[in-house]
Amino acid sequence: MSDDHTHVQEFFSARAADWDSRFPDDGPAYAAAVAELGLREGDRVLDAGCGTGRALQPLRAAVGPSGVVLGADLTPAMLQEAVRAGRDRDGRLLLADVAALPLRSRSLDTVFGAGLISHLPRPAENLRELARVVRPGGVLALFHPIGRAALAARQGRQITPEDLRAEPNLRPLLAGSGWRMTSYVDEDARFLALAVRED
């Protein structure tokens, strides 16, 4: 396992047990973001870096019983918390690295990634892997329940021009990874960038 993976697992393993209680009010923000994805009954969707699975219920509601909902995460402790919360009833949980997904190419309609991009060790390469598993015309949603400035303030740091989520950085990063950004919102109450898988 690479040092990047070890660091991510250590970070989230230490926080898994109280993750949901630390952010108890995020549910409506997740539901609102999922509502913007344009999911349809029967769609196939992946929550990449699903953590404790907070997006799985709104994703399941959007795709219905005939749809496929997967949640992939690198950290066993986070998946254990998802099971403890009963969220495995809404989607199949996979212990998997989003850098090497155990999924067929072009097998999904949408990828949802909450808080994902700042934890990708090789963002361009990792976004290409997400593009691999999505059909042309499918959607990628990069989400956070608060905006960049609010998150930086919460963490006691300054927002920097190098932030991958800044639109001038994110747009070309996505474009070089098989995605075309179609929407970008960075407000105190949420961050949501939507992109479409290019042919």
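The values are calculated or read from the model by the stated rules, or taken from the named source; none is laboratory data. Keep in mind the model is a prediction, meaning the values are calculated, not measured. Cβ sites come from the backbone with ideal geometry, for glycine too, and all protein chains shown count toward neighbours. Ligands, DNA and RNA are excluded from the accessible area calculation, which covers all protein heavy atoms including side chains. Shrake-Rupley method; radii C 1.70, N 1.55, O 1.52, S 1.80 Å.
Of the residues that make up the range 166-175, is at least one touching a residue at least 12 places away in the same chain (Cβ under 8 Å), assigned to a loop (DSSP other than H, G, I, E, B) and not aliphatic (A, V, I, L, M)?
no
Can you find a residue in the range 81-97 that is within 11 Å of the chain's Cα centre (by Cα) and closer than 28 Å to ALA189 by Cβ?
no
All but one of (1) at pLDDT 95 or above; (2) within 21 Å of ARG54 (Cβ to Cβ); (3) open to solvent by 30 Å² or more (accessible area, probe 1.4 Å) hold for ARG154; which doesn't?
So the condition that ARG154 fails would be (1).
Just to be sure I understand, how many residues within the range 167-199 are of a type in the set (Gly, Ala, Ser), closer than 16 Å to GLY115 by Cβ and at pLDDT 95 or above?
1
I'd like the full set of residues that are in a helix (DSSP H, G or I), open to solvent by less than 20 Å² (accessible area, probe 1.4 Å) and out of contact with any Ser or Thr (no Cβ under 7 Å at 6 or more places or on another chain), limited to the range 111-130.
Within the range 111-130, ILE117, ASN126, LEU130 meet the criteria.
Looking at GLU162, GLU167, GLU187, GLU198, which is the one that is open to solvent by 20 Å² or more (accessible area, probe 1.4 Å), under 17 Å from LEU130 (Cβ atoms) and not small (Gly, Ala, Ser)?
GLU198
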